[in-house]
Amino acid sequence: MAPRIAVLGCGYWGSNHIRTLKKLDALHAVSDANRARAEGFAAEEDCLAIPPEEIFGRDDVDAIIMALPPQFHAEFAVRAVEAGKDVLVEKPIALTVADAERAVAAAREHKRIFMVGHVLRFHPAFEKLKALIDNGELGEVKYIHSHRLGLGKFHTENDALWDLAPHDLSMILAITGQPPVEVRGEGAAILDNLSDFAHLHMRFASGVRSHLFTSRLNPYRERRLTVVGTKAMAVFDDVESWDRKLAVYRHAVWQDSGQWAFTANEPAYVEIVNDAMPLTRELQHFIDCIETRREPRTSGEEAITVLRILTAGSVIHD
């Protein structure tokens, strides 16, 4: 029997979880502080509506997906795992490293699955990019940069860095296989005292350098991850159509008689098998982890590393 999963938080992203779980025949219940909203989804998707204060004690709930304002994630995750529930917590899993460590430690103590909603790790284009890197197609990775720009969303508790960077940091950590040894952040607050523009500069022990740029006050959307290797460069552009989402540039740069020379080649677009949307693949992975008790690809330990980077790179504005 498929695990019985409840979604706690029926806002924008929670509603995506609800509809996707329904298609996977794993949606058992929904829960929200706004009871009318939860009951509306329950009627629409033919599932139970359970008040938040009751959901942790329910024997008919095996796992809980938390899509809440991040300041509530750690507290509710601890309650869930202590009640014997597996959890998938949306990013960021907390607003402090200490709270994140407490939640992950509780899951480990109670032998519960703790997965984090870094959904782009399950994007077919990123999985293909990771395979190209692992197979040596790009040569030795030297530099990674990502741009995640757009207009909104605006939050009162977390800035553009905390809201937008976790996905890219998760992908960068997957590529490097190690945390950075140096993090430097820059930020600009335009609307209030939270950064609307944020930059992160990272250095890794392997010698890889990385730069990340996020903005929630940008006139156009950009969702681009670029990896520079010694043999080739690759770009994962999630704004592009499926047949152009992953491009490989086999440029060459060398020295000739003490002068630099290079050749610029047209991109080769890599075929991507679009068998399911990233969220569907993420939730199927969560279900598989519940059933097999395997460690999730996007684990709590990874989320703690992401929070440490965010904390180190945050800029406080008066």
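The values are calculated or read from the model by the stated rules, or taken from the named source; none is laboratory data. As the structure is a computational prediction, the values presented were derived from the model and not from experiment. FYI the Cβ positions are ideal-geometry reconstructions off the backbone, even for glycines, and counts take in every protein chain you see. Note: accessible area is taken over every heavy atom of the protein model, side chains too, but ligands, DNA and RNA are not part of it. Shrake-Rupley method; radii C 1.70, N 1.55, O 1.52, S 1.80 Å.
Couple of notes before you dig in:
- Scanning residues 5 or more positions from GLY11 or on other chains, none has an amide H under 5 Å from its amide H, with H placed 1.01 Å from N in the peptide plane.
- Relative contact order, whole percent, for segment 110-175 stands at 51, derived from Cα pairs under 8 Å and 6 or more residues apart.
- Rounded to whole Hz, the Karplus (6.51, -1.76, 1.60) HN-Hα couplings of segment 107-117, x for glycine and proline: 5, 5, 4, 9, 6, 10, 5, 10, 10, 10, x
- Label separation (ALA312 vs ASP288): 3.1 nm, computed from points 7 Å beyond Cα along the C-beta direction.
- Over segment 1-135, relative contact order from alpha-carbon pairs under 8 Å, at least 6 apart, %: 20 percent
- For segment 167-318, with +1 on Lys and Arg beta carbons and -1 on Asp and Glu, the positive-most of VAL227, LEU279, PHE262 along the dipole: PHE262
- Across q = 0.18, 0.20 Å⁻¹, segment 104-253 modelled as identical point scatterers on its alpha-carbon atoms has Debye log10 I(q)/I(0) values of -1.13, -1.27, in the order of the q list.
- Between ASN16 and VAL253, residue separation times 0.36 nm minus the direct Cα-Cα distance comes to 80.8 nm.
- Here the chain is treated with +1 on each Lys and Arg Cβ and -1 on each Asp and Glu Cβ, and its dipole about the Cα centre works out to around 560 debye.
- Structure note, pairs LYS22/LYS85; LYS22/LYS153; LYS111/LYS153; LYS23/LYS85: Cα-Cα distances above 28 angstrom occur for LYS111/LYS153.
- Considering only ALA67, VAL97, GLY117, the residue lying farthest towards the positive end of the dipole of segment 36-139 is VAL97, judged by Cα position with unit charges set on Cβ.
- For LYS142, a cut-off of 30 angstrom between C-alpha atoms picks up these lysines, skipping any fewer than 8 places away in its own chain: LYS91, LYS128, LYS130, LYS231, LYS245.
- In the chain, helical runs assigned H by DSSP with n ≥ 4 each contribute -39500 (n - 2.57); averaged across all residues and rounded to the nearest 500, the mean residue ellipticity at 222 nm is -10500 deg cm²/dmol.
- Whole-Å distance, taken between Cα centres, linking segment 204-283 and segment 1-78: 36 Å
- When the alpha carbon gyration tensor of segment 171-318 is reduced to an equivalent ellipsoid, its three semi-axes come out at 28, 25, 19 angstrom, largest first.
- Sorted on the mean count of surrounding Cβ atoms within 10 Å across their residues, most packed first, peptides 61-69, 196-204, 245-253 read 61-69, 196-204, 245-253.
- Protein heavy-atom accessible surface, 1.4 Å probe, per residue over the chain: 46 Å².
- Counting only protein heavy atoms and a probe of 1.4 Å, the accessible surface of the chain is 50% carbon and sulfur.
- Label of the coordinate-derived value, semi-axes √(5λ) of the Cα gyration tensor in Å, listed as [x] 36, 22, 18; [y] 46, 35, 18; [z] 41, 25, 16: [x]
- Relative contact order (%) - segment 57-115, alpha-carbon pairs under 8 angstrom, separation at least six: 37 percent
- Taken about its Cα centre, segment 116-188 carries a charge dipole of about 160 debye when Lys and Arg each add +1 at the Cβ and Asp and Glu each add -1 at the Cβ.
- The GLU186 and LEU24 beta-carbon pair, evaluated with R₀ = 41 Å, returns a calculated FRET efficiency of approximately 0.50.
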